[in-house]
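Rule-based calculations on the coordinates, nothing more; no lab input. Nothing here was measured: the structure is a model prediction, and the numbers come from that model. Please note: Cβ atoms are built from the backbone with ideal geometry, for glycine as well, and neighbour counts cover all protein chains shown.
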Amino acid sequence: MARAQQAQPDEIKQRIANRDHKLASAFLRTPGANWTKDYDEARRSANASGKLILGYFTRSYAPCGPCMQLEQTVFAKQDFVEFSKNVVLFCHISTRIPGEANETLFAEKGGNAFPTLMVLDGDGNVLARQCNERSLRVVRDIVAEGHAFASMINRCTPRLVRVGYTPHVGMWGITECCATAEERYECLVKQIQYGHFSPDVARARVRELDNLSADRKGWFEAQIVSRECSQCMLEIRKAPDVASQYKAARALVSMKKAGHIPSDSNVFPFWEWVMAVAREDRDIALFEDGLIAMKAILPDDGTRREKLQENENMLESMKREIRLGSTGVISR
């Protein structure tokens, strides 16, 4: 479980060659289509021009037929070149080359399959995301969706409308928001889905909404916990060695202690890593909590029984070590 896999020199050499080949793609050199591969430059350009970023996320570490189709049938066409003048074109290539700049950007922005198009603002916030469909119509639609969401965010952001000074009070200001309560709710739903906020800020924004039902509060919390867990998993993935993996995984233990336990596809890796940290720290109570959770979520088959037996054996081994006087901690 806690093993940082490192690519061999020959693998890295091949990945570098694959990246360079991708960077030489014809669509990136299409006259009039001003692609940048620099994420920071894309954001600077967006902020300076007031345009949104149209991000194209592809890969070079393995062939991608749908990516090539998008590049050849959409990006290379003159209609796209003309349309691209309304946005900042940004191409991100996932390379799996250690140390590559922004190598995990795709995962950070919620991507999970290639090719993916994303519309982002100048701060890098995702405003729209689309995967698989490949046509100029889809490109136009996703940019329009991004503009609509940016406008919604603007309407739902309180504005300072009056500032004054009162003795014994000091400076004061009055803000107002022109959006309805339902618009604010819908806006926050998308912002949290797209990961605009840290968990603490997201929870604070939820508290600001009026008269939320228990179901809506529960949905928000599940989304925030899922995002928090995904970010922790990404830090584990980025870790260069085993010690760094455990350090990153301890954030999951903190989530568990705070009661922030995912209920989606993150739940299994969440408990696997919590139990891995418990083994490392010889924390029997924490390991037992993980074992109980695993019994509830693993499917009832031979693999489940084998996995549970392995963990039962590990638990007995940990208890035996402590009984024999090995250094360890029994804590919760």
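Grab the Cα-Cα distance for E186 and A24, subtract it from 0.36 nm times how many residues apart they are, and report the gain in nm with one decimal.
Numbers: separation 162, 0.36 × 162 = 58.32 nm, distance 4.17 nm.
Contour length minus Cα-Cα distance gives 54.2 nm.
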Hz values of 3J(HN,Hα) by residue in segment 122-139 - Karplus curve (6.51, -1.76, 1.60), Gly and Pro given as x: x, 8, x, 6, 6, 10, 7, 8, 8, 10, 5, 5, 9, 7, 5, 4, 5, 4
Using the Karplus equation 6.51 cos²θ - 1.76 cosθ + 1.60 (θ = phi - 60°), what ³J(HN,Hα) coupling, rounded to whole Hz, does each residue of segment 310-315 give in order, writing x for Gly and Pro? 4, 6, 4, 5, 5, 4
If contacts are Cα pairs under 8 angstrom and at least 6 residues apart, what is the relative contact order of the chain in percent? 13 percent
Taking 0.36 nm per residue of separation and subtracting the Cα-Cα distance, what length does fully extending S265 through C178 add? 27.6 nm
Phi-derived 3J(HN,Hα) across segment 42-56 with the Karplus relation (6.51, -1.76, 1.60, θ = phi - 60°), rounded Hz, x for Gly and Pro, is 4, 5, 4, 5, 5, 5, 6, 9, x, 8, 8, 8, 9, x, 10
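For an R0 of 56 angstrom, estimate the FRET efficiency from the Cβ-Cβ distance between L136 and D281 and round to the nearest 0.05.
Efficiency computed from Cβ-Cβ geometry: 0.55.
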Search the structure for amide H atoms under 5 Å from the amide H of I97, placed 1.01 Å from N in the peptide plane, and list their residues when 5 or more places away or on another chain. none
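Considering Cα pairs under 8 angstrom that are at least six residues apart, work out the relative contact order of segment 9-132 and quote it in whole percent. Can you show the working numbers first?
Details: 189 pairs, mean separation 42.2, N = 124.
Computed over segment 9-132, the figure is 34 percent.
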Long-range HN-HN contacts of A128 with modeled amide H, under 5 Å: V119
Can you list residues whose amide H is under 5 Å from V88's amide H, if they're 5+ apart or on another chain and H is modeled 1.01 Å from N? L52, I53, L54
Using alpha-carbon positions, the gyration tensor of the chain gives root eigenvalues a ≥ b ≥ c; with a/c under 1.5 called rounded, otherwise prolate if a/b exceeds b/c, else oblate, the class is oblate
As a check on your grasp of the helix formula, calculate [θ] at 222 nm for the chain: sum -39500 (n - 2.57) over DSSP H runs of n ≥ 4, divide by the residue count, round to the nearest 500. -17000 deg cm²/dmol
Mind scanning K109/K217; K217/K307; K190/K256 and naming the pairs with a C-alpha gap bigger than 31 Å? K217/K307
Under a straight-distance cross-link criterion of Cα-Cα below 24 Å, which lysines are reachable from K13, leaving out those fewer than 8 residues away in the same chain? K22, K37, K238
Once the Cβ-Cβ distance between R216 and N47 is put in as r, and R0 is 41 Å, what FRET efficiency do you end up with, to the nearest 0.05? 0.75
